[in-house]
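The structure appears below as structure tokens.
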Amino acid sequence: MKLKFLGAAGTVTGSSYVLTSGTGESILIDLGMFQGTQDLDALNYQPYDYDPSKLLGAVLTHAHLDHCGRLPILSSHGYKGNIWMTEATAELTELSLLDSAKIAEQNNAHALYDTDLAVRTINRFNVTNYHKPVEIGNFQINFFDAGHILGSASLEIIDKASDAEIKKIVFSGDLGNTPEDLVKSTEYLSDADVVVMESTYGDRFHPEEDSSKIIQDEINAVEQSNSTLLIPAFSLDRTQEILHKIKHLKGEGKIDPSTPVYLDGPMAQKATVIYMEHSELFNDHIQNEMRSGPFEFPGLVVVRSHDESQRLQSGNGAQVIIAGSGMMTGGRIIGHAAYFLPHAENRLLIVGYQGEETLGRELLEGAKDVVIEGEQVHVAASVNSTRAMSSHADQGQLIDWLGHIKNVKKLFLTHGEDEPRTVLKGKVEEQLGIKDISLPKLNEEISL
């Protein structure tokens with residue numbers, strides 16, 4: 001087999017791999033969007049370093065844009081096959097691709113694809129279940145729950161026609177920060193010849209923070225000052241996790257049941273419906289709450305229209321606004337930030353990773369003057385954050401997951417910047433004794 005690394009090689013975005021068997025059959029694993037700096041974004045528009053028309057099939061690990069966001073370019077380059085994934089991933093990916101195309105069209109941006117191309121791609125989706133093998137040519141693919149977001153999967157791929165030493169390769173996808181608030185724990189795999197593993201947090205452990213207590217303190221503060229708390233949140237998983245935490249805080253009397261919480265994001269609202277339709281993928285705690293609604297509580301208001309969203313800026317009294325995008329690169333959070341950040345009584349709570357050159361990163365690093373939609377905005381509001389809500393495995397969890405896989409002959413560390421990859425490489429050598437570890441470069445093809 002040969003493996004080509006077409007993204008996420010030295011970065012945490014743009015995941016994409018082509019796996020080729022000894023008989024020449026090739027399949028695609030993920031085709032994600034590069035996100036972050038202008039240099040990274042420019043990679044999305046470079047010619048894809050593989051001919052999609054030669055692919056026998058494609059497989060998707062999960063619905064985050066850095067794994068699925070370039071899928072529509074397949075159809076424009078002659079791809080004729082199916083794209084396999086779990087059912088929840090299919091529904092969330094459809095939502096993500098259509099939303100991405102719509103935003104590009106509205107902004108008249110230089111887009112990778114339009115809605116028509118996104119729909120043509122969605123029509124190629126085929127769904128399967130965890131532990132139900134999919135056959136693509138001589139490849140057999142098994143999906144295991146990665147515990148990252150709803151429907152996320154690690155992949156076990158076997159080349160059934162191989163007579164070489166290397167027959168089985170495992171792709172981690174993005175591994176979850178088990179135990180997660182919503183989804184089930186990350187599944188372990190038993191054995192593999194080769195492992196391709198993410199390394200986003202390969203150089204660190206998650207902080208010992210109580211994210212629920214941090215959210216409680218922020219809401220209590222605006223309750224006392226009759227002001228506004230803004231929470232920029234990713235539509236998939238993070239928004240649902242925040243809603244669930246607030247439900248418990250209200251139920252336990254730690255915040256005022258009457259304090260309005262506005263869910264101000266069309267995509268997040270649709271994603272929450274999809275989450276509720278796949279309750280079988282929730283952990284036991286959430287399944288036990290299905291009757292009362294794990295994301296419902298007194299004071300929750302779903303904001304439907306842009307006009308309703310703007311009216312939040314004229315309200316009196318304490319309020320919480322949860323809106324996208326999670327890195328404050330667009331969406332309804334931008335208008336709210338421009339209006340509320342200049343006032344010292346208001347607050348902003350950052351609950352997710354903030355890429356370089358994003359407004360969220362500027363605010364996280366303490367900027368007091370920022371540019372929002374071309375206008376200079378002074379930041380007088382309090383800006384705080386919690387890093388305890390990451391949906392990625394940390395160094396200890398990555399090593400634990402890998403340690404359960406026996407007979408690993410070769411390891412590739414991807415989906416991480418070079419420093420985390422290098423640190424993790426040393427820890428794996430030291431703790432697990434795996435010596436053949438590669439840190440692949442973009443567009444590098446390696447024989448297995």
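Below is a table of values for the structure above.
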{"item": "Longest to shortest principal axis, alpha-carbon extents of region 211-385, angstrom", "result": "47, 32, 30"}
{"item": "Charge dipole (debye, nearest 20) of region 211-385; +1 at Cβ of Lys and Arg, -1 at Cβ of Asp and Glu", "result": "300"}
{"item": "Quotient of Cα Rg and 2.2 N^0.38 Å for region 139-228, N being how many residues it contains", "result": "1.63"}
{"item": "Relative exposure of ASP307, ASP159, judged by other C-beta atoms within 10 Å (fewest first)", "result": "ASP307, ASP159"}
{"item": "Cβ-based charge dipole, region 211-385, positive-most Cα from ALA344, ALA318, HIS278", "result": "ALA318"}
{"item": "Ranked list, fewest to most other Cβ atoms within 10 Å of each Cβ, for TYR113, TYR50, TYR45", "result": "TYR45, TYR50, TYR113"}
{"item": "q = 0.09, 0.11, 0.14, 0.18 Å⁻¹: log10 I(q)/I(0) that the Debye formula gives for region 175-299, counting C-alpha atoms only", "result": "-0.32, -0.47, -0.74, -1.11"}
{"item": "Normalised contact order of the chain, rounded percent, pairs of Cα under 8 Å and 6 or more residues apart", "result": "20"}
{"item": "P(r), alpha carbons of the chain - 20 Å bins starting at zero, rounded %", "result": "25, 57, 17, 0"}
{"item": "DSSP bridge pairs, region 211-385: antiparallel proportion in percent, nearest 5", "result": "20"}
{"item": "Over region 1-157, relative contact order from alpha-carbon pairs under 8 Å, at least 6 apart, %", "result": "18"}
{"item": "For region 340-380, convex hull volume per residue from C-alpha positions, Å³", "result": "70"}
{"item": "Assigned charges on the beta-carbon of Lys, Arg, Asp, Glu; the chain dipole about Cα centre (debye)", "result": "560"}
{"item": "Net charge of neighbours whose Cβ lies under 15 Å from the Cβ of ASN220, counting Lys and Arg as +1 and Asp and Glu as -1", "result": "-2"}
{"item": "Region 439-448 - phi-based ³J(HN,Hα) in whole Hz, Karplus 6.51/-1.76/1.60, Gly and Pro as x", "result": "10, x, 9, 4, 6, 7, 10, 10, 6, 8"}
{"item": "Unsatisfied cross-links (Cα-Cα over 20 Å) in the set LYS2/LYS160; LYS54/LYS441; LYS250/LYS270; LYS213/LYS247", "result": "LYS54/LYS441; LYS250/LYS270"}
{"item": "Karplus-derived 3J(HN,Hα), 6.51/-1.76/1.60, for each residue of region 330-339, Hz, glycine and proline x", "result": "x, x, 6, 4, 5, x, 5, 4, 4, 7"}
{"item": "Cα-Cα pairs of region 1-100 separated by more than 19 Å (percent)", "result": "39"}
{"item": "Residue (of VAL428, VAL370, ASN384) at the positive-pole extreme of region 307-448, dipole from beta-carbon charges", "result": "VAL428"}
{"item": "The chain - mean residue ellipticity at 222 nm from DSSP helices (-39,500 (n - 2.57) per run, n ≥ 4, rounded to 500)", "result": "-8500 deg cm²/dmol"}
{"item": "All-pairs Cα distance distribution in region 285-407, expressed in whole percent, bin size 10 Å", "result": "10, 33, 29, 17, 8, 2, 0"}
{"item": "DSSP-defined beta bridges in the chain - what % are antiparallel, rounded to 5", "result": "45"}
{"item": "Inverse of mean 1/r across different Cα pairs in region 160-205, Kirkwood, Å", "result": "12.9"}
{"item": "Residue order, fewest to most beta carbons within 10 Å, for ASP163, ASP237", "result": "ASP163, ASP237"}
{"item": "For region 211-385: relative contact order, % (alpha-carbon pairs under 8 angstrom, 6 or more apart)", "result": "31"}
{"item": "Extreme residue, positive dipole direction of the chain, given options GLN269, HIS110, ILE157 (C-beta unit charges)", "result": "ILE157"}
{"item": "Other-chain or far-sequence residues with amide H under 5 Å of THR414's (modelled H)", "result": "MET197, GLU198, SER199"}
{"item": "Set of aspartates and glutamates near LYS167 by C-alpha distance (under 20 Å), chain-local residues within fewer than 8 positions excluded", "result": "GLU25, GLU135, GLU156, ASP159, ASP191, ASP193, ASP436, GLU445"}
{"item": "Region 16-54-region 218-254 distance, computed between alpha-carbon centres (Å)", "result": "38"}
{"item": "³J(HN,Hα), Karplus 6.51/-1.76/1.60, whole Hz, each residue of region 10-19, x for Gly, Pro", "result": "x, 9, 9, 9, x, 3, 5, 9, 10, 9"}
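Quick note: the coordinates plus some simple rules give every number you see, no bench work behind them. From a predicted model like this one, the values you see are computed outputs, not experimental measurements. So basically every Cβ, Gly included, is an ideal-geometry build from the backbone, and we count neighbours across all protein chains shown.
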